[in-house]
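Worksheet: one structure, shown below.
The values are calculated or read from the model by the stated rules, or taken from the named source; none is laboratory data. Predicted, not measured: the structure shown is a model, and the values here were computed from it. So basically every Cβ, Gly included, is an ideal-geometry build from the backbone, and we count neighbours across all protein chains shown.
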Amino acid sequence: MPAVPVASETLPGERLAYGYDTDGSGRADFREILASDGRIAAIGYDTNEDGRVDEEIDLASVPVEEQRHLVIILDSIPIAIADEVWRHGRLRYFAPPSQVVSPFPVMTDTALTEFFGMAPCPGIESEYFDGRRLTAGYFVYAEGGNTPWRAGVDYGLRPTMHSLAYLDYRPWFHHELGRIQRLFMERYERGEKLTVVYVVGTSAQGARAGRNGHADALVQVDRLCRTLVHATRGRVRVTLLSDHGHNLVASRRLRLGRLLERMGYRVRSSLDRPGDVVLPEFGMVTCVALHTHEPARVAGDVIGVEGVELAAYRDGEDSLVVLSKTGRARIGRTVDGFRYEPWEGDPLELGLVWERLRQEGLVGPAGEVADRVLFEATADHVYPDVVARLWRAFHGLVTHTPDVLLSIEDGWHFGSPLQSTLISLQAAHGSLRASSSNGMGMTMAGALPRVLRLADLRAALCEAGVPLCE
């Protein structure tokens, strides 16, 4: 589909229409007809190119039994970029994008395992400590050993090709879109109701080119959606979602292993003696998973490192401890909700939130706040849904739970020395911050809640009519 229309006109009923030249004749043969809210409500075909619509299709009137669904999972698209693109006129077959909060650590495998309801994921990344030894990360990645969610998708670029997609990102991204277009049309012709695909190229575009990479990617995705609407005569219902956001900040590598060794710890592939630390270094991310027999000591030491913003560890079965450079707090959970108890400073910046909820009568006698209430109160926070996400990170998100989790400041990343040498990183994800955590969701099937957890998105899409639960 062309990037821009060749004509615009006002149709009867004061409806604005944009005309596209899809056959290279120089004249508009396809029209998108807008509703008063700016969304595309109908399409029209000018089969003889005489300037008049010969066939108009009201998209809302397409029978459900004729609709075919395509779910596209776009790696790393932030809600802020998707919202900008929508407000400026792209993706107008969709309702406005919804904010979707990813679990912490903000990683593709943990996020999509939650989305598909397949948790727990084996580890935070493909290189993880299984209690005995550190896995061979690249081998696990190539074999899909940390990706139970891939059972839910019909297409995704082979993991062995991902490194090429990051090194030469734009051609590989277009390759993915082309494969998706062909696959969907083949399945459409066979009458298959649902196709689910995963795109790594949006992450590569953002990681290598930052904001400009994401802006370009969403224009190409918009053109793909328009192409499929045109080809199916309005029978396609596309859903777009991302696994998480991207912070759009250039970063340098945090050499945490070297610093731990200088402090007197031994960075190893197993935990044999007091002072041993297992520190997986695989991707280029803004979170760290640490394994140690001394979590309180390690967390207290690493929080002083430049680039480390927050550290958390489990203190018994029913509480977590969270540290910042200026404070510490305890998180607890009861049957009625979560407690947040700072005893020095306010590391998660939740003091004002708790006070407002207290004034509204929403804090229980033991200081607890109901999960849903707290989610809504912190959805727009600098650390969205932070209490529940930290709790989930230590309770069932992964099989091999780290002993200490770190959230890294923007401007820094942690992970593979090799990848950090090959790639100048312009955006990253992993941390508790909103820019990393907030992905997007939107569907031609209808509007979604303004904000929701990624773990709840599949059910919301099913309710909207996307057959992901059948």
Among the candidates Ile57, Ile73, Ile40, which residue alone is among the aliphatic types (A, V, I, L, M), touching a strand residue (DSSP E or B) at 6+ places or on another chain (Cβ under 8 Å) and either loosely packed, with under 15 Cβ neighbours inside 10 Å or over 23 Å from Tyr20 (Cβ atoms) (or both)?
-> Ile73
Where in region 360-427 are there helices (runs of 4 or more DSSP H), lying wholly inside it, with at least 3 residues that are under 22 Å from Val308 (Cα atoms) and touching a strand residue (DSSP E or B) at 6+ places or on another chain (Cβ under 9 Å)?
-> 386-394, 417-422
Kindly check whether there is at least one residue in region 75-89 that is assigned by TED's automatic domain parsing to the domain that holds Ser102 and part of a strand (DSSP E or B).
-> no
Determine, yes or no, whether Ala142 is at pLDDT below 95 and within 19 Å of the chain's Cα centre (by Cα).
-> no
Is at least one residue of region 47-59 without any contact (Cβ under 8 Å) to a residue 24 or more places away in the chain, outside any helix (DSSP H, G or I) and among the hydroxyl-bearing types (Ser, Thr, Tyr)?
-> yes
Does Arg158 count as among the basic types (Lys, Arg) and more than 20 Å from the chain's Cα centre (by Cα)?
-> no
Selected residue [crowded, with 20+ Cβ neighbours inside 10 Å and under 26 Å from Ala460 (Cβ atoms)] from Leu260, Leu248, Leu228, Leu254 | Leu228
Could you give every pair whose Cβ atoms fall below 6 Å, whose first residue belongs to region 269-285 and is of a type in the set (S, T, N, Q), and whose second residue is outside any loop (DSSP other than H, G, I, E, B), counting only separations of at least 6 or pairs across chains?
-> Ser269/Leu134
Scanning for something surrounded by 13 or more Cβ atoms within 10 Å (Cβ to Cβ), acidic (Asp, Glu), within 37 Å of the chain's Cα centre (by Cα) and in a loop (DSSP other than H, G, I, E, B), does region 15-23 turn up at least one residue?
-> yes
Please report, ordered by residue number, the helices (runs of 4 or more DSSP H) entirely within region 107-167 with at least 3 residues that are surrounded by fewer than 19 Cβ atoms within 10 Å (Cβ to Cβ).
-> 137-143, 162-167
Do you know which residues across region 290-342 are at pLDDT below 95 and closer than 20 Å to Val278 by Cα?
-> Asp315
With the first residue restricted to region 229-255 and required to be over 22 Å from Pro97 (Cβ atoms), and the second required to be among the hydroxyl-bearing types (Ser, Thr, Tyr), Cβ contacts under 7 Å at 6 or more apart or on different chains are His230/Thr22; Thr232/Tyr188; Arg253/Ser420
Filter result for Val386 (surrounded by fewer than 20 Cβ atoms within 10 Å (Cβ to Cβ), touching a helix residue (DSSP H, G or I) at 6+ places or on another chain (Cβ under 8 Å), among the hydrophobic types (A, V, I, L, M, F, W, C) and closer than 27 Å to Glu349 by Cα) | no
Output the number of the condition that Ala95 fails; it satisfies all remaining conditions of (1) modelled with pLDDT of 95 or more; (2) in a loop (DSSP other than H, G, I, E, B).
-> (1)
Only one of (1) in contact with an Asp or Glu (Cβ under 8 Å, 6 or more places away or on another chain); (2) farther than 24 Å from Leu228 by Cα is not met by Ser203, so which one is it?
-> (2)
Within region 280-319, track down each residue that is surrounded by fewer than 23 Cβ atoms within 10 Å (Cβ to Cβ), assigned to a loop (DSSP other than H, G, I, E, B) and in contact with a Leu (Cβ under 7 Å, 6 or more places away or on another chain).
-> His293, Ile303, Val305, Gly307
Subset tally (residues that are over 26 Å from Ala80 (Cβ atoms) and surrounded by fewer than 17 Cβ atoms within 10 Å (Cβ to Cβ)) for region 363-383 | 5
